[in-house]
Amino acid sequence: PPTPLNPSLLVLLGMVAVSLAATFDVNFSLGKVSGVVLGVLVFWAITRWVTTRTRLGVAIAGFVLAGSALAVLGLVGTNWIAKFPVLAGVIERLPKAIRGLPGAEEGFQPNGVAGCLVLFVPLQAALLVGGAHGWLRLRQPSERRGRWVIVVQALLLTLTAGTLVLTQSRGAWFGLIVATVGALAWHGRAGRRLAVVLVGGVVATAIAIGPARVFNLAISQAGPGVAGNVSGRMELWSRAIYGIQDFPFTGMGMNAFRKVMPVLYPTFLTSPDVDVAHAHNHLLQAALDLGIPGLIAYAAIWLTVAALLVNVHRRSSERAYRVVASGLGAGLIAHFVFSMTDAIALGAKASVLFWFTLAL
């Protein structure tokens, strides 16, 4: 179907094909290649089908339920890492029902679960705050049914947000904070004033206390291992830049970084025995997988979607569409911020949720 993203998607798929010629092992890269193809096909299938108000309402309901299902799977299948003592007692009581899946033998990685959940929480919150003025008007339910739907929305939001909190993903939490400030700044003068007050208060406090003390306080209160994580991330990013310099036009092939880095760009802070699946930055990872042309196409997808959401929010005469655009936009902002220090790589199993978001 014709969409504004098609030029970027075609370039992206073209670079996926090129990467097959660059990878050291086609079979090793094929899983991620198939994941990208699947994601793009899901995007096109949804955009082809969602052509009416009713179908949009069904798709939004399906999206919300998909996020809730992910939250349930996360509660019973995540390999929890205790970072904050206040949450340790809760996660110890959660069942470990899902184990042994390919690529997640010990359970799901909590940061990966959080990186997906941030796509859903802002939209669920926007629908709940919008109430009958938001998604409900797309379906025009009865008043009684509308009240029940709002109750269900509140319960699903509690489930999704609660699971996100339990993941203890600092990157996802920070992404949600940035998205919240952005949403406040976007919604009217009162929201902008509140955003300015919040940001100004943080800046004034930092200046009064001193940047060095603020940094040390943030590190000490952000859970164990943060300093090591920061150093490790910076080392990985430097190795990723070396890889992009060596493979600028074709990339090194999808999923190849995890095997090429220990051989060509060994790290000092990370043991060679540790499987580093990606560069912990989605922009660097896109360039590693698909070269700089692939990075340009990937960035163009983000910019195009941002322009579409802004256009809908500014020009739509119906509150329902503005509510949905706000929720989707805030979720993508949170996901983008999260992906600057972590990543759900292109072609990963969970990345199909990213394509679902883009389709909406």
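Computed from the coordinates by the stated procedures, all read-outs in this text should not be read as laboratory data. Just so it is clear, the model here is predicted, and its values are computed rather than measured. Note that we place each Cβ from the backbone using ideal geometry, even for glycine, and neighbour counts take in every protein chain shown.
Descriptive notes on the structure:
- With a simple spin-label model that places each label point 7 Å from the Cα along the Cα-to-Cβ direction, the separation between Ala61 and Val129 comes to 2.5 nm.
- On the beta carbon distance between Ala17 and Lys96, with R0 = 45 Å, the FRET formula returns roughly 0.65.
- Under the simplified labelling scheme, the Trp49-Val37 pair shows an inter-label distance of 2.1 nm, with each label point 7 Å from Cα along Cα→Cβ.
- For segment 262-303, the residues whose backbone nitrogen is under 20 Å from a point 7 Å from the Cα of Val310, taken along Cα to Cβ, are 296-303.
- For Phe108, distant residues with modelled amide H under 5 Å away: Thr78, Asn79
- A straight chain from Asp246 to Ser271 at 0.36 nm per residue would run longer than the Cα-Cα distance by 6.7 nm.
- Packing here is the average count of other Cβ atoms within 10 Å per residue, and on that basis the peptides 9-18, 346-355, highest first, run 346-355, 9-18.
- Peptides 57-63, 83-89 ranked from most to least packed by the mean count of surrounding Cβ atoms within 10 Å: 57-63, 83-89.
- For segment 280-289, Karplus couplings with θ = phi - 60° (6.51, -1.76, 1.60), whole Hz, Gly/Pro x: 6, 7, 5, 6, 4, 5, 4, 5, 5, 6
- Modelled FRET efficiency - R0 45 Å, Trp186 with Leu30, Cβ distances, 0.05 increments: 0.65
- Aspartates and glutamates whose Cα lies under 14 Å from that of Lys32, excluding same-chain neighbours fewer than 8 positions away: Asp289
- Pairwise FRET efficiency - Thr158 versus Val196, Cβ, R0 = 35 Å, nearest 0.05: 0.70
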